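The values are calculated or read from the model by the stated rules, or taken from the named source; none is laboratory data. Computed from a predicted structure; not experimentally measured. Cβ atoms come from the backbone with ideal geometry, glycine included; neighbour counts cover every protein chain shown.
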Amino acid sequence: MKALKIILIVIVALVVIVLGLSFIAPTKIHSERSIVIKAPKEVIFTNIKMFGNYKKWSPWLEKDSTAKTAILGTDGTVGAKYTWEGNKDVGQGEQTVSKIEENKTYETDLHFIKPWDGKATSYTRLEDAPDGVKVIWGFNSEMSRPFNVMGLFMNMDKAIGDEYDKGLNNLKSISEKEAINSTVKKYEIHEVTTSPKTYIGIKKTLTVDKISPFFAETIPMLMADLKKAKVQTSEPMSGLYFTFDEKTMTTDVAPAIPVSGVNAKVGKWETFHTKGGKTLEVDFFGDYKNLGAAHMQIKSYIADKKLKASMPVLEEYITDPMTEKDPNKWLTKIYYFLE
């Protein structure tokens, strides 16, 4: 009887401890990972939204190639459902599309059936990036008490995030290969010789979403100061890109105007130079937000030809959007200077 009493005391103590810990442990689970993919949004988003393409990059189907899967409803539309049943690493469950904003946002509701019952939501967002498309993949769920105590002993963000990283890298690999082999517009890349140029502008480190507002704010002030200083300018307005950090999605960029005969500093503005010489040139017609596709093809060309480019990269904005309202007619000349 004494032994039984001790066992009961231990059990009660453990229950009390678990219940106490359940009010300390978090009940919400959130994990998010991202990657930059050098492919058109259309290619990437098609691989994301179509359950039929999921097997090409899913990190979980790698764990069980014989898992049973099915697609119910119209694939690629809200309401479409994907079901799976596999080994102990894959489990059983279903995923239903809850929201689609074409080439922007994709959301699903998840119902896990085995090895435990649970629900969650998943989202994927596509954002413009100077060097491609930033793909953000996230997961949200809740663990009810007392099961949330497990969160104190295992890093759920890392466990989910590691799989998301693997899946995003798979998505990047297949999307970039498909982009090269797809019917996506190919840009003519010309090897030309350019002359050195001098520019006046101002450099700033920005996240990609701040670039356009910064240009819009800076250029009128720059033009006014150059006119006041009687500096001889020429067309067109340009952008000089010095660095790009994929992890922080930031770039060192300078809105600038080509000038001649500048011998002294003009106000707060900086002076920049491009080296000229052997240069790769591309004529891009379209909205500025789609420039990434042209940059991607130039970089592929450089890699294939085993060339080496030097910074900065130059964009010349030939067409004035204030006078030409059709973005399809906007001409941007892109230059990569070779070493």
Candidate set: the stretch 123-144, residues that are surrounded by fewer than 19 Cβ atoms within 10 Å (Cβ to Cβ) and of a type in the set (S, T, N, Q); chosen: the one modelled with the highest pLDDT: Asn140
Considering residues of the stretch 86-104 that are of a type in the set (Lys, Arg) and assigned to a loop (DSSP other than H, G, I, E, B) only, the residue surrounded by the most Cβ atoms within 10 Å (Cβ to Cβ): Lys104
Single match in Glu32, Glu107 (criterion: within 19 Å of the chain's Cα centre (by Cα), at negative phi and surrounded by fewer than 16 Cβ atoms within 10 Å (Cβ to Cβ)): Glu32
Residue in the stretch 243-264 that is of a type in the set (Phe, Trp, Tyr) and modelled with pLDDT of 90 or more present: no
For Gly79: the one exception among (1) closer than 29 Å to Lys299 by Cα; (2) modelled with pLDDT of 90 or more: (1)
Test: Ala120 is in contact with a Leu (Cβ under 7 Å, 6 or more places away or on another chain) and free of Cβ contacts under 8 Å to residues at least 60 places away in the same chain: no
Which numbered condition Ser234 fails, given (1) of a type in the set (S, T, N, Q); (2) more than 30 Å from Glu32 (Cα to Cα); (3) modelled with pLDDT under 95; (4) out of contact with any Pro (no Cβ under 8 Å at 6 or more places or on another chain): (4)
Among the residues listed as Asp304, Asp252, Asp287, the single one being without any contact (Cβ under 8 Å) to a residue 12 or more places away in the chain and under 30 Å from Arg33 (Cβ atoms): Asp304
In the stretch 47-85, residue surrounded by the fewest Cβ atoms within 10 Å (Cβ to Cβ) [restricted to those that are part of a strand (DSSP E or B) and not hydrophobic (A, V, I, L, M, F, W, C)]: Lys68
Any chance Lys268 is of a type in the set (Lys, Arg), over 24 Å from the mean Cα position of the chain (by Cα) and surrounded by 13 or more Cβ atoms within 10 Å (Cβ to Cβ): no
Total residues in the stretch 304-339, condition among the hydroxyl-bearing types (Ser, Thr, Tyr) and more than 20 Å from Ile219 (Cα to Cα): 3
Tally, over the stretch 308-328, of residues that are of a type in the set (A, V, I, L, M), surrounded by 13 or more Cβ atoms within 10 Å (Cβ to Cβ) and free of Cβ contacts under 8 Å to residues at least 40 places away in the same chain: 1
Tally, over the stretch 38-61, of residues that are in contact (Cβ under 8 Å) with a residue 24 or more places away in the chain and closer than 12 Å to Gly167 by Cβ: 9
Members of the stretch 64-83 found to be under 19 Å from Ser122 (Cα atoms) and touching a residue at least 24 places away in the same chain (Cβ under 8 Å), listed by number: Asp75, Gly76, Ala80, Tyr82
